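The values are calculated or read from the model by the stated rules, or taken from the named source; none is laboratory data. These figures come from a predicted structure and were not determined experimentally. FYI the Cβ positions are ideal-geometry reconstructions off the backbone, even for glycines, and counts take in every protein chain you see. The protein model used for the area step is the full one, side chains on, heavy atoms only, and it has no ligands, DNA or RNA in it. Shrake-Rupley method; radii C 1.70, N 1.55, O 1.52, S 1.80 Å.
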Amino acid sequence: MPLSIAKEMITQDFISAPLSLHQKKQIEEWVTGKKIDTIVSGTINLHPNIKLPPGGELHLRLVNISSIYRPFIFKRLYNVQFPYKYQITTSDFVGGIGPQALFEPYYLEAFYYRYRADKTPRYDDSEGVVGGEAWGNPGRPYPLSFGQNRDFQLNFWWTPELFGSRFSPSIKSSPSLTSGWLYLSNVLKEKLDNVQQIEGSIYVCDKKLQLVKSTSFKIADLNKPIEWHIDLPNTVTGFISVTATAKTPDGKTVYLRGGRASPKVVINLPAVSLKIVLTTISNKAAPACTPRDS
């Protein structure tokens, strides 16, 4: 069974070393023969600054990064108390995806609801819904591995306001906010280990390759994701592209590219918590809204 080709180019560098044929065969045997049934397990806690009562509903979603954040496992748990010990097993697969989903990079999303008498919370509620993510190592963008034990916190409100963010009050209250995290792929970080700073721009583009809006950024620590946000003038069906430059110690300029989605695989904006990645080095600058496959 071949390693799945990521549908979004930005995700191909999430895996620092591809699975060997032996590892792929082993996973198939684990799943088919139930020799190892647990995909991921651990303990979930509420962040101490988030005050929600226990007894609500918890959603757990294992999500392929390369499939536009579609879950291949979804679990609903009721009357949850924290700390909560969770376990996702091979028997929890939904749809026809099967074990091949484990050959692509994936992470765990969690959302917790506390029902109130006056209404039922949804993902877009202004209060009462919190979320968290489990990655292979603390923080993005390291994918989980099969059989991993991972403890994590529910540490942000599921609203345009990311818990603990640096967004200003005006940005927090904006319904047109598009926001997320920008970071370098592991492969790119290795190639730029002698670079001190990266500067560039993030572009929101429609599917006809027309620029809608942009924002600039600077990365001073190549190992840490940075937050970004764009307040859009209208809703957009399109993609996000990123271009940047960096100086090597000998004064040479290198050009970088990355993004999220493409004209062929679009996303609906505004949206929050979008993860975009710089992945590619080029010998020339690329204009805004350049498709990554060009």
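Per the 1.4 Å probe, what fraction of the accessible area of region 177-280, in percent, lies on carbon and sulfur atoms?
47
Listed here are the pairs Lys85/Lys224; Lys189/Lys247; Lys207/Lys284; Lys218/Lys247; which of them are more than 21 Å apart at the Cα?
Cα-Cα > 21 Å for Lys85/Lys224; Lys207/Lys284; rest within.
Convert each backbone phi in region 258-273 into a coupling constant with the Karplus relation 6.51 cos²θ - 1.76 cosθ + 1.60 (shift: θ = phi - 60°), then list the ³J(HN,Hα) values in order as whole Hz, x for Gly and Pro.
x, x, 8, 6, 6, x, 8, 10, 9, 10, 9, 10, x, 7, 10, 6
Please list the non-local residues whose amide H lies under 5 Å from the amide H of Thr89, H modeled 1.01 Å from N, same-chain partners needing a gap of 5 or more.
Ile39
Convert each backbone phi in region 196-206 into a coupling constant with the Karplus relation 6.51 cos²θ - 1.76 cosθ + 1.60 (shift: θ = phi - 60°), then list the ³J(HN,Hα) values in order as whole Hz, x for Gly and Pro.
Here the 3J(HN,Hα) series is 8, 8, 10, 10, x, 9, 10, 10, 9, 10, 7 Hz.
Toward the positive end of the charge dipole of region 177-280, about the Cα centre and with charges on Cβ (Lys, Arg +1; Asp, Glu -1), which of Thr248, Thr237, Pro225 goes farthest?
The residue sitting most towards the positive pole is Thr237.
Might you work out the accessible area of Phe74 for me, using a 1.4 Å probe with all protein chains in place, and round it to the nearest 10 Å²?
80
Give, rounded to the nearest 20 debye, the magnitude of the charge dipole that region 177-280 has about its Cα centre when Lys and Arg contribute +1 at Cβ and Asp and Glu contribute -1 at Cβ.
Using only the charged Cβ atoms, the result is roughly 300 debye.
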